[in-house]
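The structure appears below as structure tokens.
Where a number appears in this text, it was derived from the coordinates with a stated rule and is not lab data. Predicted, not measured: the structure shown is a model, and the values here were computed from it. FYI the Cβ positions are ideal-geometry reconstructions off the backbone, even for glycines, and counts take in every protein chain you see.
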Amino acid sequence: MQETTTREKIFKQIRHALIEKTESPFADIDFDSPVFKESTDSPDLTFAQQFTKISGKFAYCENEDDMAEKLKYIIQETLGQNVICFEETLKPVLEQHEINFSDQPGELVGSVIGVTYCEYLIARTGSVVISSRQLSGRRLSIFPETHVVVAKTDQLVHDIKDALDGLKKKYAPGFPSAVSVISGPSRTADIEKTLVMGAHGPKELYVLLVEAG
């Protein structure tokens, strides 16, 4: 008689485990309480501190006019003449302040600065949450050399759990096909342990935080 193979033994153990289920010894685990202690600082200050620690560039804006002026400064500093933006409610602001930009997907590859909204800002880690359900899609945050995120203060949350809960409510009953958490500019040190910026995405990441309302 042919001996039982290792593969068959594994499948037998899996079948037995599915049939003979045992009660979890940790049934009373609390998954809802926060894991990390909340900061005593305001969310915008906490985000700014953590964001700049990971090489992000942060600017607080009193209103949209202030945001547009700061965006002009970024364009001048980076010499980024090829600006691209797909956000419908942001386009009129750029036009009003005479900021030249393109909204054609075909010009995405040659763009220098990509301007997008975001879903949330995570204060604890200084991260930016974006999703495929935004008008900017998956590409605009990756192709340009410089990524500028325009966000409102009411988009600040403490931790990633809060952001995911917000996305579930916002897009219920569905969920975006892709959710990305951006923590600083793209970088790697895989090659001879030398830090290389812009390896898999933008070399620079800006957040322009606009006061809500």
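Mind sorting MET197, MET67 by how few other Cβ atoms lie within 10 Å of their own Cβ, fewest first?
Ranked by crowding around the Cβ, least crowded first: MET197, MET67.
At a 10 Å Cβ-Cβ cut-off, how would you order LEU205, LEU121, fewest neighbours first?
Neighbour counts put them in this order, fewest first: LEU205, LEU121.
Between their Cα atoms, which of LYS152/LYS193; LYS37/LYS203; LYS57/LYS193; LYS37/LYS152 are more than 29 Å away from each other?
LYS152/LYS193; LYS37/LYS203
When Lys and Arg each count +1 and Asp and Glu each count -1, what net charge do the other residues less than 10 Å away from SER55, Cβ to Cβ, add up to?
Net charge around SER55: +3.
Mean projection of the alpha-carbon convex hull of the range 143-213 over all orientations, in nm²?
Projected area, direction-averaged: 6.5 nm².
For the range 98-213, give the magnitude of the charge dipole about the Cα centre (Cβ charges: +1 Lys/Arg, -1 Asp/Glu; no others), in debye to the nearest 20.
Using Cβ point charges on Lys, Arg, Asp and Glu, the range 98-213 gives about 420 debye.
With contacts defined as alpha carbon pairs under 8 Å and 6 or more residues apart, what's the relative contact order of the range 77-208 in percent?
24
Please go through the range 1-61 and write out the GluC sites (Glu not before Pro) that DSSP classes as loop and that have at most 16 other C-beta atoms within 10 Å.
GLU3, GLU20, GLU23, GLU38
In angstroms, what radius of gyration and Dmax does the range 66-107 have, counting Cα atoms only?
Final numbers for Rg and Dmax: 10.1, 30 Å.
In debye, nearest 20, what is the charge dipole magnitude of the chain about its Cα centre with +1 on Lys and Arg Cβ and -1 on Asp and Glu Cβ, if you could check?
980
Stokes-Einstein at 37 °C, 0.692 mPa s, Kirkwood radius from Cα pairs: D for the range 1-148 in µm² s⁻¹?
167
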